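Note sheet for the following structure.
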Amino acid sequence: MPIRIEPLTEHADPRGSLLKLHPTPVEGEVYAVTAMPGASRGHHLHRAMGEWFVAVSGQGCLGAVDPDSGEVHHVDLHGVRIYVPAGWAHALFNTGDGPLMVIAMAERLHDPEDVFAQTVPAP
């Protein structure tokens, strides 16, 4: 499975907690993506860049598809960060009752010529 799933490091105390989202800064852009209950976001792939995804609130999963082999993965976003490599289609699915917020960290700056629509099946 070329997508990577890594546990998040949580630093908690009585005031709340901090989640370490990524071990090093990414070269590209960072987005806060929201999806309302029952909604999905994404359904595209990048041929030249990978992305990291981390949920910061709500419940959801990331779906990833290799369009060449048809291999499909759905990964619960709770407590992990997920890397989707270049060439894999991906989408975020809100599976909870409230808003889902996910941080998306791109390896490089957005290039509209590197965004290709690709449907990812729902979980």
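The values are calculated or read from the model by the stated rules, or taken from the named source; none is laboratory data. Not measured: the values here are computed from a predicted model. Quick reminder, even Gly has a Cβ in these numbers, built from the backbone with ideal geometry, and neighbours come from all protein chains shown. These area figures cover heavy atoms from the full protein model, side chains too; ligands, DNA and RNA do not enter into them. Shrake-Rupley method; radii C 1.70, N 1.55, O 1.52, S 1.80 Å.
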Practice task
May I ask you to give the solvent-accessible area per residue for the chain, in square angstrom, as obtained with a 1.4 angstrom probe?
Solution key: 56
Exercise for the section: Tell me which residues come under 5 Å, amide H to amide H, from E71 once H is placed; ignore anything under 5 positions away on its chain. Expected result: D66
Exercise for the section: Using a 1.4 Å probe over the heavy atoms of the protein chains, calculate the carbon and sulfur portion of the accessible area of the chain as a whole percent. Expected result: 53
Problem - Among V72, S40, G58 the positive-end extreme of the charge dipole of the chain (Cβ point charges) - result: G58
Fill in the blank from the handout: Spelling it out for R108: with amide H atoms placed in the peptide plane at 1.01 Å from N, the residues 5 or more places away or on another chain with amide H under 5 Å from its amide H are G28, E29
Practice task
List the residues whose amide H sits under 5 Å from the amide H of L77, counting only those 5 or more places along or on another chain, with H placed 1.01 Å from N in the peptide plane.
Solution key: G60, C61, L62
Handout entry: Estimated FRET transfer efficiency when R0 is 35 angstrom, pair L109-V56 (beta carbons, to 0.05)
Key = 0.95
Problem - Karplus-derived 3J(HN,Hα), 6.51/-1.76/1.60, for each residue of the stretch 79-92, Hz, glycine and proline x - result: x, 9, 10, 10, 9, 10, x, 4, x, 9, 6, 8, 8, 9
Exercise for the section: Please sort 56-63, 107-114 by packing, taking for each peptide the average over its residues of neighbouring beta carbons within 10 angstrom, highest first. Expected result: 56-63, 107-114
